[in-house]
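Participant: I have a structure here, written as structure tokens, and I will follow up with some questions on it.
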Amino acid sequence: MRYRSSIAALAVLFASLAVAEGEVSVVFRFAPGDSGAAVFVAGEWNRWDPTAEPMLDPDGDGVYERTIELTAGRYEYKFVVDGKWIEDPAARESTPNPYGSANSVVYAGAAPEPDVFRIVAAADERPGAEVREVPFAFRPERTPSGVYLAGTFNDWKADAQRMEGPDSGGLFRARLALPPGEYQYKFVADGAWFHDPTNERKTDDGFGGSNSVLLVDERFPLVPLARGDGRIFEGALSLGPENVSVVRTEPGSVIVTARAHRGDVTGGQILFRGAGGETTVPMREIGSDGRFVYFRGELALPIETEGRLGIAIADGDSVRYLTRQGLSANRDEAGLLEVNAIETPLFEVPDWVVDGVFYQIFPERFRNGDRKNDPDFKEAYYAGKTALPKGGTTNE
């Protein structure tokens, strides 16, 4: 039975020079993390024989190798480690098999569109919501170490949206793709919060100051979000904590989650650069909200492995790499996060959750005790959702 194992493993696959007419030499390399493991590679070329192609580690570096001459074409394969069938986490492509897991795919010779990838098992094929491109600018009195944009559009997170700058005029700028609606916001510079001095619309912030208020409507240009058109909207995307998270779920495995604008991209991919070279891992779409699509991939990291991690996103034939400042078409400019299989935070479910009881209190749901605190439903997340359901009534 073939299945995906959670064994700590790191695999790198190379297709190299043709050795005879119509044949290609393919080098498989795999580091199982156990120097005593019995490692094989099995695939369509050997009728999935689990012991026909043993992999060896002649130099004792922990990386098992096997060179196989294959006729040019596409092949499905897996590694077999101590009898367990392992999907190659570094494969650029995989395909479901009848056993509830997936087989890795290698192309002997030139693979079609080698630098273009697609999201595996898309969860949401709906087009992106209508969004408008909204510019923000702020000129602080003193040049800070950094300026951030916080508001109702990002839950007032003080470090979620870094602004670019300063430019020659001392301005820090940011562009967001926002659905129509009313938003409150402030600028954050070196920990201090400032309302927008160029915006006359304000409201009490509850702390003796003011929040700036912005109405996003047809005055702002429409952002053309579409899958497969080769255009990726850059606004609010960068290699920062608001867009990329890395957590360790078990020894030897990290989960990477990233986001892009919903309805705008067709693929996501993890780039990992370590001592063994560069490894790429496809990402799977896991869901979406009104603004973003979220995709996730699992990277196998043997204990004590260190390296740097980046994210690439694709739309049709167009590929962009997340950087600290935004997106870049240059692979060499991809922003990279330091990652360590030991130091990366381990995500653990607290013991109290196992037998815990979750509850929430909803006051004033059955009788409107104080109409003065009724919501006005002007927040962005209510946009297009204020119509009563069939048979619904109000408190009026």
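The values are calculated or read from the model by the stated rules, or taken from the named source; none is laboratory data. All values derive from a computational prediction rather than experimental measurement. FYI the Cβ positions are ideal-geometry reconstructions off the backbone, even for glycines, and counts take in every protein chain you see.
Participant: Give the residues of the stretch 254-293 that are out of contact with any strand residue (DSSP E or B) (no Cβ under 6 Å at 6 or more places or on another chain) and among the polar types (S, T, N, Q), sorted by residue number.
Facilitator: Answer for the stretch 254-293, where residues must be out of contact with any strand residue (DSSP E or B) (no Cβ under 6 Å at 6 or more places or on another chain) and among the polar types (S, T, N, Q): just S288.
Participant: Can you pull out every residue in the stretch 31-49 that is modelled with pLDDT of 85 or more and of a type outside the set (K, R)?
Facilitator: A38, V39, F40, V41, A42, G43, E44, W45, N46, W48, D49
Participant: Let me ask another. Within the stretch 240-247, is even one residue closer than 22 Å to G316 by Cβ and modelled with pLDDT under 80?
Facilitator: So far as the stretch 240-247 goes, yes, one or more of its residues are closer than 22 Å to G316 by Cβ and modelled with pLDDT under 80.
Participant: In addition: Give me a count of the residues in the stretch 175-202 that are assigned to a strand (DSSP E or B) and either of a type in the set (D, E) or without any contact (Cβ under 8 Å) to a residue 12 or more places away in the chain (or both).
Facilitator: Count: 3.
Participant: Scanning the stretch 163-192 for residues that are within 12 Å of F136 (Cβ to Cβ) and among the charged types (D, E, K, R), which turns out surrounded by the most Cβ atoms within 10 Å (Cβ to Cβ)?
Facilitator: K186
Participant: Another question, if that's okay. Pull out all pairs, ordered by first then second residue, where Cβ-Cβ is under 9 Å, the residues are six or more apart or on different chains, the first lies in the stretch 147-172 and is among the polar types (S, T, N, Q), and the second is part of a loop (DSSP other than H, G, I, E, B) and surrounded by 15 or more Cβ atoms within 10 Å (Cβ to Cβ).
Facilitator: Note: pairs meeting the criteria are N154/A160; N154/Q161; N154/A236; N154/E242; Q161/A236; Q161/S238; Q161/G240; Q161/E242.
Participant: What number of residues in the stretch 55-76 are under 33 Å from the mean Cα position of the chain (by Cα) and at positive phi?
Facilitator: 2
Participant: Just the residues that are at pLDDT below 75, among the hydrophobic types (A, V, I, L, M, F, W, C) and assigned to a helix (DSSP H, G or I), please, taken from the stretch 338-382.
Facilitator: A380
Participant: Being modelled with pLDDT of 90 or more, of a type in the set (A, V, I, L, M) and surrounded by 12 or more Cβ atoms within 10 Å (Cβ to Cβ): is that true of L225 here?
Facilitator: Against the criterion (modelled with pLDDT of 90 or more, of a type in the set (A, V, I, L, M) and surrounded by 12 or more Cβ atoms within 10 Å (Cβ to Cβ)), L225 does not qualify.
Participant: Output the qualifying pairs, or none if there are none: Cβ atoms under 7 angstrom, residues six or more apart or on different chains, first residue in the stretch 43-68 and outside the structural domain of G83 (by TED's automatic domain parsing), second residue surrounded by 12 or more Cβ atoms within 10 Å (Cβ to Cβ) and among the hydroxyl-bearing types (S, T, Y).
Facilitator: none
Participant: Is it true that D289 is without any contact (Cβ under 8 Å) to a residue 60 or more places away in the chain and closer than 30 Å to Y382 by Cβ?
Facilitator: Details: without any contact (Cβ under 8 Å) to a residue 60 or more places away in the chain: yes; closer than 30 Å to Y382 by Cβ: yes.
Here the answer is yes, as D289 does meet what is asked.
Participant: Continuing with this model, one more query. Restricting the search to the stretch 221-231, which residues are over 13 Å from V293 (Cα atoms) and in a loop (DSSP other than H, G, I, E, B)?
Facilitator: Our first condition is that a residue be over 13 Å from V293 (Cα atoms); within the stretch 221-231, this holds for 221-224, 228-231.
Hits for the stretch 221-231 are P221, V223, P224, G228, D229, G230, R231.
Participant: Suppose we filter A18, A52, A11 for residues that are in a loop (DSSP other than H, G, I, E, B), at pLDDT below 60 and either under 30 Å from the mean Cα position of the chain (by Cα) or under 19 Å from V106 (Cβ atoms) (or both); which single one remains?
Facilitator: A18
Participant: R262: in the same structural domain as E333 (by TED's automatic domain parsing), within 22 Å of N103 (Cβ to Cβ) and among the basic types (K, R), yes or no? Working first, answer last.
Facilitator: Working: in the same structural domain as E333 (by TED's automatic domain parsing): yes; within 22 Å of N103 (Cβ to Cβ): no; among the basic types (K, R): yes.
No; evaluated as a whole, the condition is false for this residue.
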